[in-house]
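Written below as structure tokens is the structure these notes are about.
The values are calculated or read from the model by the stated rules, or taken from the named source; none is laboratory data. From a predicted model like this one, the values you see are computed outputs, not experimental measurements. Here Cβ is always computed from backbone atoms with ideal geometry, including for glycine, and neighbour counts include all displayed protein chains. For the accessible areas, the whole protein counts, side chains as well, though only heavy atoms, and no ligand, DNA or RNA atoms are used. Shrake-Rupley method; radii C 1.70, N 1.55, O 1.52, S 1.80 Å.
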Amino acid sequence: MRVLTYGATGVQGGAAARQLAKTDHEIVALLREPEQLGSLADLGIVAVGGDAEDRASLDAATAGADRVVFHLPLVFDRETGVRMARNVLEASQAAGVGLVIFNTGSIVPSEPSPYLHLDLKRQIVDMAEEIGQPMISLRPRLYYEVLGEPWVKSGLVEQSTLAYPLPADHKTSWCTVEDVGAVAAACLERPDLAGAAIEVGGPDALSGTDLADAFGRATGRQINYYPLAVADFEKGLQQNFGDAVGTVIAESFYHFEDIGPDGMVIPDAAATAADLGVTLTSIDDWIAQRSWAD
């Protein structure tokens with residue numbers, strides 16, 4: 001099969017590309033700047049130029065594709081997000097793509113939500129059904145990878161404190177981007193799952209205290225957990241990354257407050273992954289694969 005994947009030079013898209021490259025299929029990465037493919041070329045991936053805002057470029061890139069794997073980049077208005085997603089889905093349908101695999105990158109509300117970042121994903125799922133394009137949506141909660149971001153890691157290294165905008169005792173189904181990519185790769189062979197929503201989590205649901213204990217085991221230090229207020233978290237993001245970015249990212253955490261701890265746990269994550277032949281990564285294994293010395 002020929003598989004077209006989006007955003008291969010990003011965190012989520014890069015993980016998907018690496019996992020797709022482990023299959024026996026032809027993997028093509030759609031990039032605005034194909035020359036930026038970099039080390040992914042060593043995995044046998046080839047690049048093609050295209051932009052989700054340019055429907056003609058998607059038609060050209062999608063021609064001959066059997067599968068499409070995509071996620072939506074961070075957008076700040078509904079019109080842009082809808083336009084990009086519709087271009088991807090309609091280009092896929094026009095090319096006769098048998099299955100689209102959409103990594104929502106977040107929880108997806110079951111009902112219309114005031115939070116654009118989340119409600120847009122719900123709208124895209126509905127759009128695929130409206131258009132008639134077979135699609136599987138992958139729905140992770142939170143990624144381990146954010147715990148390695150400087151704004152989190154600095155507190156771990158300098159203050160032995162893990163600060164995050166979740167209550168200390170609320171459990172969440174954290175996972176790694178690589179496992180979501182592995183699930184996407186496994187879904188290539190599962191057109192029978194078209195229309196399904198696959199909740200992707202790690203092997204265990206973890207509270208803030210659980211996360212701190214895991215870092216403590218890895219570093220040999222006492223790590224304390226500090227639950228940030230979501231409003232303070234949002235202000236910090238806005239100061240560092242701008243108002244729009246801070247607002248969009250914080251939306252998920254306001255939604256988490258609305259749904260409570262039960263909505264953050266995926267009860268059958270390990271069983272679902274096992275059915276697809278994917279072994280999930282534990283928080284201890286993920287931490288052990290990285291340096292936390294500086």
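On inspection, residue 68 passes the criterion of being in contact (Cβ under 8 Å) with a residue 60 or more places away in the chain and in contact with a strand residue (DSSP E or B) (Cβ under 6 Å, 6 or more places away or on another chain).
Only residues that are in contact (Cβ under 8 Å) with a residue 24 or more places away in the chain, within 22 Å of the chain's Cα centre (by Cα) and within 21 Å of residue 74 (Cβ to Cβ) were counted in region 208-235, giving 2.
Would you please name the residue that is surrounded by the most Cβ atoms within 10 Å (Cβ to Cβ), looking only at residues in region 238-258 that are in contact with a Gly (Cβ under 9 Å, 6 or more places away or on another chain) and free of Cβ contacts under 8 Å to residues at least 60 places away in the same chain?
Filtering first and then ranking leaves 246.
Of the candidates 161, 172, 209, the single residue that is polar (S, T, N, Q) and closer than 26 Å to residue 19 by Cβ is 172. Taking every residue in region 281-294 that is under 12 Å from residue 176 (Cβ atoms) and pairing it with any residue that is open to solvent by less than 60 Å² (accessible area, probe 1.4 Å) and aromatic (Phe, Trp, Tyr), at least 6 positions away or on another chain, the pairs with Cβ-Cβ distances below 9 Å are 281/144; 283/144; 283/174; 283/215; 286/144; 286/174; 287/144; 287/215.
Filtering region 179-233 to residues that are open to solvent by 50 Å² or more (accessible area, probe 1.4 Å) and of a type in the set (Asp, Glu) leaves 189, 192, 199, 204, 213, 232. For region 66-83, check the following and say yes or no: at least one residue is surrounded by fewer than 18 Cβ atoms within 10 Å (Cβ to Cβ), over 19 Å from the mean Cα position of the chain (by Cα), on the phi > 0 side of the Ramachandran plot and modelled with pLDDT of 95 or more. No, that holds for no residue.
Taken as a whole, the structure places residue 60 among residues that are open to solvent by 10 Å² or more (accessible area, probe 1.4 Å) and farther than 22 Å from residue 123 by Cβ. Of all the criteria given as (1) small (Gly, Ala, Ser); (2) over 27 Å from residue 266 (Cα atoms); (3) touching a residue at least 24 places away in the same chain (Cβ under 8 Å), the one not satisfied by residue 15 is (2). Right, residue 172: surrounded by fewer than 22 Cβ atoms within 10 Å (Cβ to Cβ) and polar (S, T, N, Q) or not? Spelling it out, it is not the case that residue 172 is surrounded by fewer than 22 Cβ atoms within 10 Å (Cβ to Cβ) and polar (S, T, N, Q). A single entry from 91, 128, 163 fulfils the requirement of being buried (at least 18 other Cβ atoms within 10 Å of the Cβ) and more than 30 Å from residue 53 (Cβ to Cβ): 163. Of all residues in region 259-290, those that are open to solvent by less than 60 Å² (accessible area, probe 1.4 Å), β-branched (Val, Ile, Thr) and out of contact with any Leu (no Cβ under 9 Å at 6 or more places or on another chain) total 5.
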